[in-house]
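Some notes on the structure that comes next.
The values are calculated or read from the model by the stated rules, or taken from the named source; none is laboratory data. If you're wondering where the values come from, they're calculated on a predicted model, not measured in any experiment. Cβ: placed from backbone, ideal geometry, glycine included. Neighbour counts: every protein chain shown.
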Amino acid sequence: MQHKLFNLHTLFHNWRFVFTEEMVAVLLVLFVFIMPVSATTRLTDRSLLMGTTEPGATTSYTIAFTYMTPSAIGSIDLQFCESPIPYETCVTPAGLDISAATLSAQSGETGYSITTHTSNHIILSRLPSFVNSGTRGSYTFSNIVNPSSSATAFAVRLRTHATTSTAGNHVDFGSVRGQVGKGIVLETQVPPMLIFCMAEQVDDNCLGTNQNYYTDMGELSPTTTLTAQSQMAVGTNASGGFAITAYGNPPTAGTNVVDTPTVPTESRPGTTQFGINLVENTAPAIGSNPIGVWANAQPTSGYGQTNRYMYVPGDIVASSPNVSLMKKFTVSYIFNTSPNLRAGVYTTTINFVASGRF
């Protein structure tokens, strides 16, 4: 027995010279540097995009990262905690609730569906599929309720697993951080605008008028058509555009009232007739087509036909279906008379009212 002990002592004594203290130190250093190589790696380029950071708001989260370890991946574990450190106890952030969350979009490395779901824990699973290093994945979850406190940040702990159930060791891991808070509200307003002017003559942009609102059409004759014209310009930023309505009775002299065509009709000297339109005419030669680049602003059908006139009080004579900035219209007036029209001074006042459809 003593002989065996002596041999054992001799063996250790000899190895003492083989493994010097310096070599032991080197081995320890190698151990320190080699271990991380065989350990799991971190997911890179991790990001969290929140639809809104308003505390307590229901919103969407888009979590994206780059897979690093070439491996078959069957599941992704996502745990919402106060701390991002994986070995610390996971405390659910106050107010946060992902129990109604849905996987509404995925891109890059796809094929996942939610298989485990709690108020702070989601597992995405699929049939295991090989993922190359550097592959990007992005996953959007809807119907997430934000934490209620903006005092501290929160984290989403991430792990990838080779199996569909996150059983066994994870492949890669990492975390992303987010924080809710009241945003800075920047608000401005474009005020509703309606510009309208009218007179015998007006500038294109309503910068001025000739300030004349009266016309003496002359002496009635059964062989001559009396004419007059006025102008009006209009523009609006109303989403529904504008409408110009004409109001006023036909020309009268006492109880005598001049007839007005209720449909577009040509000028007929020798008949009693009063009418208007908003385009250029040749019979008689009077008026002008609308002026301006906004093609959506036009006379209405009854008042936009060349050499055709009508007048019905309360009619819309021009309009646009949407925004139209500055269009100038020329209104032409005709007055015909028959030989048996009673004598008198025939007058009328026509009012044009522009309204914006805001």
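Data for the structure
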| item | result |
| --- | --- |
| Hits in segment 174-190 (condition: out of contact with any Ser or Thr (no Cβ under 6 Å at 6 or more places or on another chain) and buried (at least 16 other Cβ atoms within 10 Å of the Cβ)) | Gly174, Ser175, Val176, Gly178, Gln179 |
| Residues located in segment 226-273, provided they are of a type in the set (A, V, I, L, M) and more than 30 Å from Ser320 (Cβ to Cβ) | Leu226, Ala253, Val257, Val258 |
| Residue match in segment 191-208 (condition: in the same structural domain as Gly241 (by TED's automatic domain parsing), surrounded by 11 or more Cβ atoms within 10 Å (Cβ to Cβ), over 45 Å from the mean Cα position of the chain (by Cα) and in a loop (DSSP other than H, G, I, E, B)) | no |
| Members of segment 145-169 that are touching an Asp or Glu at 6+ places or on another chain (Cβ under 8 Å), within 23 Å of Asp45 (Cβ to Cβ) and at pLDDT 95 or above | Phe154, Ala155, Arg157, Leu158, Arg159, Thr160, His161 |
| Unique residue being at pLDDT 95 or above, assigned to a strand (DSSP E or B), hydroxyl-bearing (Ser, Thr, Tyr) and more than 21 Å from Thr59 (Cα to Cα) when the list is Ser175, Ser142, Ser125, Ser107 | Ser125 |
| Sole residue being aliphatic (A, V, I, L, M), within 26 Å of Gly356 (Cα to Cα) and modelled with pLDDT of 95 or more, chosen from Ala246, Ala253, Ala228 | Ala246 |
| Answer from Ala283, Ala233, Ala253, Ala238 - the residue that is in contact (Cβ under 8 Å) with a residue 24 or more places away in the chain and under 25 Å from Gln211 (Cβ atoms) | Ala233 |
